[in-house]
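Only one structure is covered here, and it is reproduced in the block below.
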Amino acid sequence: MTNGKVERDQTAAYVLSANSPVNSRSFSGCSNSCSDAQPWQLSNRFDARALPLADRHYNRRKIGSPQFVPPGRCIVLLTKQENALWVTSWPFAEYVKHSWAGAWVNSCFRNEAPAEYLSSELIRKAVAATCALWPEIPALGMITFINTEKVRRKRDWGRCYRKAGFRPAGTTVGGLIALKLEPSDMPEPLPAFSTQGLLAFSEACSS
């Protein structure tokens, strides 16, 4: 059994646990109040509804490709209105070349409805959804990278991330700014809503 399958099996076991908050709140029929509190729904790496958002993200390598998520473990989130997209990747440490091997990586975030959703709030809720699906938070927390050549100039690079609790953590060899969210600064777990039950979860976390 590969490490990837072990991790997926462990996560699936957590979801299926009778005492799991994910099982009771996300996969057994989330109430309207839950869906109102959590704007994110579970998606997957091949979700055609999310593809236009992924194609418009600046780090998209191959526009139009049906898969828009890096290889490995992932959680893909999409708002009900399909106007915001988030991806948490969790690459195995042995395959990571940057200085934060083992951390969760926010590899994609796009909010096309700023009048409806504050980006910082979407980030916090996406982290909460990630914590609900992956309760074993890595010691290095979550990292995201910003290419200053491809985003609009602001006083502070990654301002919406900073408002969500991320802090500067250095730069990569390639010059990307790294922002990091420590485990102690993460919100309480809040499962993403799913209308497709465990099928959506299985697809979202498959490698």
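Exactly one residue out of LYS180, LYS150, LYS154 is under 26 Å from VAL96 (Cβ atoms) and modelled with pLDDT under 95: that is LYS150.
Look through ALA126, ALA103 and report the one residue that is modelled with pLDDT of 95 or more, small (Gly, Ala, Ser) and surrounded by 15 or more Cβ atoms within 10 Å (Cβ to Cβ).
Values: ALA103 fails: modelled with pLDDT of 95 or more.
The unique qualifying residue is ALA126.
Of the candidates ILE123, ILE137, the single residue that is part of a loop (DSSP other than H, G, I, E, B), out of contact with any Gly (no Cβ under 7 Å at 6 or more places or on another chain) and closer than 13 Å to PRO187 by Cα is ILE137. Among the residues in the stretch 2-21, are any part of a loop (DSSP other than H, G, I, E, B) and modelled with pLDDT of 85 or more? Within the stretch 2-21, not a single residue is part of a loop (DSSP other than H, G, I, E, B) and modelled with pLDDT of 85 or more.
The values are calculated or read from the model by the stated rules, or taken from the named source; none is laboratory data. These figures come from a predicted structure and were not determined experimentally. So basically every Cβ, Gly included, is an ideal-geometry build from the backbone, and we count neighbours across all protein chains shown.
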